[in-house]
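A quick write-up on the structure given underneath.
The values are calculated or read from the model by the stated rules, or taken from the named source; none is laboratory data. Quick caveat: nothing in here was measured; it's all calculated off a predicted structure. Cβ atoms come from the backbone with ideal geometry, glycine included; neighbour counts cover every protein chain shown. These area figures cover heavy atoms from the full protein model, side chains too; ligands, DNA and RNA do not enter into them. Shrake-Rupley method; radii C 1.70, N 1.55, O 1.52, S 1.80 Å.
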Amino acid sequence: MPRHGTSVKLTDKIIRGLDSPVAGNRLFYDSEIRGFALRVTARGARSFVLNYYAAGVERRLTIGSYPAWSVTAARNRAKELRREVDNGNDPMAKVEPTKTVAEVLDDFILRYASKNLRRPDHYADAFDRLIKPAIGRKAILDLKRRHIAEMLDAIEDNNGAVMATRALSYLRSALNWYATRDDEFTVPIVRGMARSRSSDRARDRTLDDDEIQTLWPVFGQIGNFGLACKVMLLTACRRSDATGMMWSEIDGEIWVIVAARYKTARDHVIPLSGAARAIIDAQPQTGRLVFPGKAGVPLSRGGNHKSSIDRAAPGLAPWTVRDLRRTSRSLMSRAGVQPDTAERVLGHAIPGIRGVYDRHEFIAEKRDALERSAALIDRIVNPPPGVVIPLREAR
């Protein structure tokens, strides 16, 4: 058997007979091609390499692992690389590793979004759910406009034009950030790639009474996500507020969404109606979350949960989970709640009010608003015989 550093024509028989070093690695050079060698590590891994000099600096280029690369294939590749070296070129300049799109997105979340954006989790969710599966494996320097356009087509078909435009916005932010760090990268996004206009994204969809009556029992049939939807309608909270609700946030009849996970970065106080408390009190306290997903982790933001509802309630006009919050606001108006109070329930700032009011102010008003809304929902879902619930435009 050849010794470390010696030259011999590499064959399968010789390679299989080589012993692994006790530590580090050993090189066994091929006698036919200058610099071509087999590297054997202490763990037994074997790979073909080419050693050469470029601009006076010793370089070592890994051709591939054995036996994934046959001796013949590795030798032929080594001959090609050797010719490049002899012609004054540096093969390593062409094969320096480049980041994938997924790696760039992960770096963006770690190094920028987590430190500078208010809701980096929204970016991470869109990356993981919509963007990485489509283009995550592509080398960032190989990313083309057509790849992004094809991805947006799929998102628009499956999730709607608004979601496709939002995913494009998140991706653009990450790519613009990376462009400041890589001399070779040019962002391939141009004007006109959005799939919806800003006017389209300003939705005004609310569920009507028939739709509420159809969806309410369905919400109760599909597990914790459905129960969270009921809470959204009863409290006018956002999806992430409901699915992220923690037992530590519940204090009797009060739910305090902590500033760290609320959109305005302030604690938001929601007095719970009897109907909302009944849903929450029926949940087993098996972890920190009131409505956990599988294995106690937060419910995912994927489309599977909403798709389950749509399959169980076919025939409804297209609607989104966000429409529940808007519907809740409309129900409060129908129940006679004053506009300022309804806006406080939603956590909106009231124009003309200076300073930050104490977080326990307006509790009584907000409790009354949500109890009125819950009573209206109950009459819609369980209408007394012969009673028609009057419809009024939200003010």
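Yes or no, residue by residue, for (1) touching a Phe, Trp or Tyr at 6+ places or on another chain (Cβ under 8 Å); (2) not in a loop (DSSP other than H, G, I, E, B):
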position	(1), (2)
S31	no, no
L50	yes, yes
R59	yes, yes
V104	yes, yes
K115	no, yes
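Might you check whether a residue that is within 21 Å of the chain's Cα centre (by Cα), of a type in the set (S, T, N, Q) and farther than 24 Å from L376 by Cβ occurs anywhere in region 318-328?
Within region 318-328, none of the residues are within 21 Å of the chain's Cα centre (by Cα), of a type in the set (S, T, N, Q) and farther than 24 Å from L376 by Cβ.
Checking the structure you have, find out if any residue of region 68-76 is at pLDDT 85 or above, in contact with a Lys or Arg (Cβ under 9 Å, 6 or more places away or on another chain) and open to solvent by 40 Å² or more (accessible area, probe 1.4 Å).
Yes: region 68-76 contains one or more residues that are at pLDDT 85 or above, in contact with a Lys or Arg (Cβ under 9 Å, 6 or more places away or on another chain) and open to solvent by 40 Å² or more (accessible area, probe 1.4 Å).
Do we find that D251 is surrounded by fewer than 19 Cβ atoms within 10 Å (Cβ to Cβ), under 17 Å from L346 (Cα atoms) and more than 21 Å from the chain's Cα centre (by Cα) in this structure?
When the stated conditions are applied, D251 does not pass them.
Taking the residues in region 33-48 that are among the charged types (D, E, K, R) and assigned to a strand (DSSP E or B) as candidates, determine which candidate is nearest to R83 (Cα to Cα). It would help to see each step written out before you state the result.
Taking region 33-48 first, the residues among the charged types (D, E, K, R) are 34, 39, 43, 46.
Going one step further and asking which of them are assigned to a strand (DSSP E or B), we end up with 39, 46.
Values: R39: 21, R46: 24 Å.
Here the answer is R39.
Any residue in region 140-161 that's farther than 21 Å from R181 by Cβ and free of Cβ contacts under 8 Å to residues at least 24 places away in the same chain: show its pairings with residues that are open to solvent by 20 Å² or more (accessible area, probe 1.4 Å) and among the small types (G, A, S) at Cβ separation under 6 Å, as long as the two are six or more apart or on different chains.
So the pair list comes out as M151/A134.
Would you confirm whether any residue within region 290-313 is farther than 22 Å from I380 by Cα, assigned to a loop (DSSP other than H, G, I, E, B) and over 21 Å from the mean Cα position of the chain (by Cα)?
There is at least one residue in region 290-313 that is farther than 22 Å from I380 by Cα, assigned to a loop (DSSP other than H, G, I, E, B) and over 21 Å from the mean Cα position of the chain (by Cα).
Look at R266 and say whether it is in contact with a Ser or Thr (Cβ under 8 Å, 6 or more places away or on another chain), modelled with pLDDT under 95 and open to solvent by 50 Å² or more (accessible area, probe 1.4 Å).
Spelling it out, it is not the case that R266 is in contact with a Ser or Thr (Cβ under 8 Å, 6 or more places away or on another chain), modelled with pLDDT under 95 and open to solvent by 50 Å² or more (accessible area, probe 1.4 Å).
Quick check: anything in region 143-154 outside any helix (DSSP H, G or I), among the basic types (K, R) and either open to solvent by 10 Å² or more (accessible area, probe 1.4 Å) or out of contact with any helix residue (DSSP H, G or I) (no Cβ under 6 Å at 6 or more places or on another chain) (or both)? Even if it seems obvious, please write down each step before you answer.
So in region 143-154, the residues outside any helix (DSSP H, G or I) come out as 143-144.
Among the residues that remain, those that are also among the basic types (K, R) are: 144.
Add one more test, that the residue is either open to solvent by 10 Å² or more (accessible area, probe 1.4 Å) or out of contact with any helix residue (DSSP H, G or I) (no Cβ under 6 Å at 6 or more places or on another chain) (or both), and what stays is 144.
Yes, the conditions are met somewhere in region 143-154.
Considering region 77-96 alone, what residues qualify as being surrounded by 11 or more Cβ atoms within 10 Å (Cβ to Cβ) and either outside any helix (DSSP H, G or I) or touching an Asp or Glu at 6+ places or on another chain (Cβ under 7 Å) (or both)?
If the condition is that a residue be surrounded by 11 or more Cβ atoms within 10 Å (Cβ to Cβ) and either outside any helix (DSSP H, G or I) or touching an Asp or Glu at 6+ places or on another chain (Cβ under 7 Å) (or both), then N89, D90, P91 are the ones that fit.
Out of S20, S65, S31, I need the residue that is hydroxyl-bearing (S, T, Y), touching a Lys or Arg at 6+ places or on another chain (Cβ under 9 Å) and free of Cβ contacts under 8 Å to residues at least 24 places away in the same chain. Which one? Talk me through it step by step, then tell me what you get.
On the way: S20 fails: free of Cβ contacts under 8 Å to residues at least 24 places away in the same chain; S31 fails: free of Cβ contacts under 8 Å to residues at least 24 places away in the same chain.
Step by step, each of S20, S65, S31 is checked, and only S65 is hydroxyl-bearing (S, T, Y), touching a Lys or Arg at 6+ places or on another chain (Cβ under 9 Å) and free of Cβ contacts under 8 Å to residues at least 24 places away in the same chain.
Restricting attention to region 166-220, report how many residues are at pLDDT below 90, open to solvent by less than 20 Å² (accessible area, probe 1.4 Å) and in a helix (DSSP H, G or I).
The qualifying residues number 0.
What pairs can you find where one residue is in region 70-83 and closer than 11 Å to R34 by Cα, the other is modelled with pLDDT of 90 or more and surrounded by fewer than 17 Cβ atoms within 10 Å (Cβ to Cβ), and their Cβ atoms are less than 7 Å apart, with a gap of 6+ or different chains?
R82/R34
Can you pull out the residues in region 285-316 that are of a type in the set (A, V, I, L, M) and either open to solvent by less than 30 Å² (accessible area, probe 1.4 Å) or free of Cβ contacts under 8 Å to residues at least 60 places away in the same chain (or both)? Talk me through it step by step, then tell me what you get.
Of region 285-316, the ones of a type in the set (A, V, I, L, M) are 289-290, 295, 297, 299, 309, 312-313, 316.
Across region 285-316, the qualifying residues are L289, V290, A295, V297, L299, I309, A313.
Here's a check for you: in region 47-62, which residue that is aliphatic (A, V, I, L, M) and open to solvent by 20 Å² or more (accessible area, probe 1.4 Å) is nearest to L10 (Cα to Cα)?
Of region 47-62, the ones aliphatic (A, V, I, L, M) are 49-50, 54-55, 57, 61.
Checking the rest, the ones that are also open to solvent by 20 Å² or more (accessible area, probe 1.4 Å) come to 55, 57.
Values: A55: 29, V57: 26 Å.
Among those that are aliphatic (A, V, I, L, M) and open to solvent by 20 Å² or more (accessible area, probe 1.4 Å), it is V57.
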